[in-house]
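Just so it is clear, none of the values below were taken in a lab; they were calculated from the coordinates. On a predicted model such as this, the values are computed, not experimentally measured, just so you know. Here Cβ is always computed from backbone atoms with ideal geometry, including for glycine, and neighbour counts include all displayed protein chains.
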Ligand code: PLP
């Protein structure tokens, strides 16, 4: 037998999501009989609302089970255009909407569609790890924009200004933010919009947590200064409607990028299953009480988790304004955050992520997802407290 064939060099530039690695280790511990509280994964712990499931069953029963247009079925493109227009105070035509298998592929495909090797892409650090992975894989140069704890994990627009160069091809923003729960405030957003409209860069605004904001109204960068024509405004069903496994996202896309992005979907997934898209239409246009109730429950948990964390020795925690993550600073414990994350899993049975799973900047933080039941969150805080007393 000849030696095994090798792999592509480009794989060295492809990152991953640590959350899945930690989940795998936690499951292994559980298989050995250990009890683990899961605060590592970023998905709502609520079921998809029944009326949305019913819309999918109905579509399947009526034969909507074949291939369909790669850009999305017309009814979902129209519903998403109306949804994004109403929630962002914009007028977005349905032809600008592209539907994809979750929000995630848009991150990759946008970077691949606009970047040549050597182009610079600015992205938040700490940030969703797929940004950096996509940038590196495309051969572009990642330029980290630090989020600042003292600014409740917003970036300083002056830091953005100093990073914008004639080579900046794309700026990625995410508000409300994963992993910090931070939100870009109104003043910062206006300043950012001014800088971006003066720059020659595309913008990718990841707004998958737009509906999970607790304090103040959600604001999109795309609503400012005509930036909608430069911005891939990305949203989806996963977080808002508890539909992570359905794999359906959508974006308002600048006209010149519509065809290239659709071409990526033609080349990869072909289409989002039509019954999933039918469910998406119902999600966007039907009753909105389920997502509203979910956000209220997240708020209750957030308040308890943040208060609980702030009582632990050596731990301080900002109050996140959105998403469902707390990002406590654990420097005062004297245990490096990455080591603490590992020991909490192995010794205390609480699965969390280190801030460094999201970039180089957040060396003193942990990420706790509070998309877990109130009582398991209470137990988790107790366990972390007991661990810190003896560690
Ligand atoms: N963007 C951010 C900031 C996220 O946190 C996630 C999921 O965790 C995604 C995008 C991907 O969402 P989807 O399930 O729609 O692919």
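What to note about this one:
- Overall form of the chain per C-alpha gyration tensor (a/c, 1.5; a/b vs b/c): rounded
- Rounded if a/c under 1.5, otherwise prolate or oblate - region 186-294, Cα gyration tensor axes: oblate
- Region 1-82 shape via C-alpha gyration tensor axes, a/c threshold 1.5: oblate
- By average C-beta atoms within 10 angstrom, highest first, the peptides 81-90, 357-366: 357-366, 81-90
- DSSP bridge analysis restricted to the chain gives an antiparallel fraction near 45%, rounded to the nearest 5.
- Rel. contact order, % - alpha carbon contacts under 8 angstrom, at least six apart, the chain: 23 percent
- 0 to 90° range, to nearest 10: angle between helix 186-198 axis and the chain longest Cα axis: 50 degrees
- On Cα atoms only, tilt of 74-88 relative to the major axis of the chain in degrees: 60 degrees
- Gap separating the Cα centres of region 1-23 and region 37-56, nearest whole Å: 30 Å
- Highest-fluctuation residue, 231, 75, 180 considered, GNM on the chain with Cα pairs under 10 Å: 75
- Mean ellipticity per residue at 222 nm, deg cm²/dmol - from DSSP H runs of n ≥ 4 across the chain, formula -39500 (n - 2.57): -12000 deg cm²/dmol
- For region 132-253, share of DSSP beta bridges that run antiparallel, in % to the nearest 5: 35 percent
- Of the peptides 346-353, 32-39, the order by per-residue mean of other Cβ atoms within 10 Å, starting with the highest, comes out as 346-353, 32-39.
- Region 105-134 and region 77-93: distance between their alpha carbon centers, rounded to Å: 25 Å
- Acute angle (nearest 10 degrees) that the helix 50-61 long axis makes with the longest principal axis of the chain, alpha-carbon atoms: 40 degrees
- Inter-part distance where region 241-292 and region 158-188 are each reduced to a Cα centre, Å: 25 Å
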